[in-house]
Amino acid sequence: MIALPKSLSVSVDGEIAILKLDRAAKRNALDDATVDGIGAFFAAPPEGVKAIVLHGAGEHFCAGLDLGELQARSTAAGIAHSRQWHRAFEQIEFGTVPAVAALHGAVVGGGLELAAACHIRVAEPSAFYALPEGGRGIFVGGGGSVRIPRLMGAARMADMMLTGRVYSAEEGQAAGLSQYLVGAGEGLARAIAIAKQIATNAPMTNFAVIQALPRIVEAGRESGLLAESLMAAIAQGEPEAKQRMTAFLDKRAAKVGKK
Ligand code: 1HE
């Protein structure tokens, strides 16, 4: 496994890897080493891992950019810093396996940008969302302006940045920031269960969902429909797809909504 900075720790549970932001004393604030470590981990997950869970140590998921590292940067250096975050978070969104974030406490600034790069977000009631960049005189730089409006809409994101509005876990769920809202203390276990479920899918299905689906959403209608048909035919042609469909016809596979 690749070497990670002290602020990250990993455990592997069968086909699932669990990556922990492990800097609770600083509320898991993201310094450069942590951002690079996240990117490197998602770019090359441990052998055999089919889904990754991301969570935070302590009382909060992530307090965003490490403000201690926010020096006066030249414009060019500021662009390079933001692009470093972009590269790292692209490894999550367009990496090799689906990512599930377990959210609790602060999910703010770059922490929300990080969560938004994951494919599934599971929130505990303590989770709260904010974009304090607005009040700190800066702008999102970790891909937030591209990813967050796709979850909640540009109008809600603009409101968060312009007014400092904080969304509660319930509000975040209603607005689309999380797909699951679970009980207190249940987030990590639920995220792991979801990741294990994802790991049982045919690899081509997971590939299609994380690589093809977001590109199709952004493509024009005709290109999107063509890409969909190609992806559908490729997935359908896989031996695993044939086995799974035969298993259903032979009454060996679960019905939808039933065990
Ligand atoms: C930090 C950071 C940080 C905490 N960088 N050190 N993000 C923010 O503007 C959020 C700033 N943080 C907070 O509002 C609060 O810390 C929390 C709501 C997240 C948590 O509150 P709390 O009461 O649990 O913790 P605390 O007492 O505020 O912080 C504990 C320690 O963590 C303290 O350090 P200490 O040495 O005094 O113990 C804090 O200074 C430290 N800490 N958050 C550095 N963010 C690619 S662009 C992205 C742009 C952004 O992300 S901007 C948003 C930055």
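For segment 147-162, the criterion of a residue being touching a Pro at 6+ places or on another chain (Cβ under 8 Å), within 19 Å of PHE89 (Cβ to Cβ), more than 11 Å from the ligand (Cβ to nearest atom) and not in a strand (DSSP E or B) is satisfied by at least one position. For the residues ALA106, ALA63, ALA99, the requirement of being under 19 Å from the mean Cα position of the chain (by Cα), within 27 Å of GLN173 (Cβ to Cβ), crowded, with 23+ Cβ neighbours inside 10 Å and more than 16 Å from the ligand (Cβ to nearest atom) singles out ALA99. Looking at this structure, is ALA3 within 22 Å of MET157 (Cβ to Cβ) and out of contact with any Ser or Thr (no Cβ under 8 Å at 6 or more places or on another chain)? No; evaluated as a whole, the condition is false for this residue.
Name the single residue, out of those in segment 102-131 being part of a strand (DSSP E or B) and out of contact with any helix residue (DSSP H, G or I) (no Cβ under 8 Å at 6 or more places or on another chain), that is farthest from THR163 (Cα to Cα).
Our first condition is that a residue be part of a strand (DSSP E or B); within segment 102-131, this holds for 102-103, 106-108, 120-123, 128-130.
Then keep just the ones that are out of contact with any helix residue (DSSP H, G or I) (no Cβ under 8 Å at 6 or more places or on another chain); that gives 106, 108.
Values: ALA106: 17, VAL108: 14 Å.
Across segment 102-131, the extreme among qualifying residues is ALA106.
Give me the residue from segment 166-194 that is among the β-branched types (Val, Ile, Thr) and assigned to a helix (DSSP H, G or I) and, out of that set, nearest to LEU151 (Cα to Cα).
From segment 166-194, those among the β-branched types (Val, Ile, Thr) are 166, 182, 192, 194; that's our starting set.
Pick out the ones that are also assigned to a helix (DSSP H, G or I) and you get 192, 194.
Numbers: ILE192: 22, ILE194: 19 Å.
Step by step, filter segment 166-194, then rank; the result is ILE194.
Starting from residues that are touching a Phe, Trp or Tyr at 6+ places or on another chain (Cβ under 8 Å) and touching a residue at least 60 places away in the same chain (Cβ under 8 Å), keep the ones in segment 117-132 and report whichever is nearest to the ligand (Cβ to nearest atom). Restricting to residues being touching a Phe, Trp or Tyr at 6+ places or on another chain (Cβ under 8 Å) and touching a residue at least 60 places away in the same chain (Cβ under 8 Å), the top hit is ALA127.
The residue pairs whose first member lies in segment 1-26 and is hydroxyl-bearing (Ser, Thr, Tyr), whose second member is assigned to a loop (DSSP other than H, G, I, E, B), and whose beta carbons are closer than 6 Å, counting only pairs six or more residues apart or on different chains, are SER7/ASP22; SER7/ARG23; SER9/ASP22. Across segment 68-95, the qualifying residues are those that are under 23 Å from SER9 (Cβ atoms) and near the ligand (Cβ under 7 Å from one of its atoms), and the one among them that is surrounded by the most Cβ atoms within 10 Å (Cβ to Cβ) is TRP85.
For segment 123-132, state whether one or more residues are closer than 18 Å to ILE18 by Cα and buried (at least 21 other Cβ atoms within 10 Å of the Cβ).
Looking through segment 123-132, at least one residue is closer than 18 Å to ILE18 by Cα and buried (at least 21 other Cβ atoms within 10 Å of the Cβ).
Within segment 164-189, the residues that satisfy the criterion of being within 15 Å of the ligand (Cβ to nearest atom) and surrounded by fewer than 20 Cβ atoms within 10 Å (Cβ to Cβ) are GLY164, ARG165, VAL166, SER168. Yes or no: GLU59 at pLDDT 95 or above, closer than 20 Å to ILE198 by Cβ and among the charged types (D, E, K, R)? No: the conditions fail for GLU59. For ALA175, work out the one condition from (1) within 29 Å of ALA253 (Cα to Cα); (2) at pLDDT 95 or above it doesn't fulfil. The single condition ALA175 does not satisfy is (1).
Residues in segment 37-60 that are near the ligand (Cβ under 8 Å from one of its atoms) and among the acidic types (Asp, Glu): 1 in all.
The values are calculated or read from the model by the stated rules, or taken from the named source; none is laboratory data. The shown structure was predicted, so the numbers you read here are calculated from the model rather than taken from an experiment. As a convention, Cβ positions derive from the backbone with ideal geometry for all residues, glycine included, and neighbour counts pool all protein chains shown.
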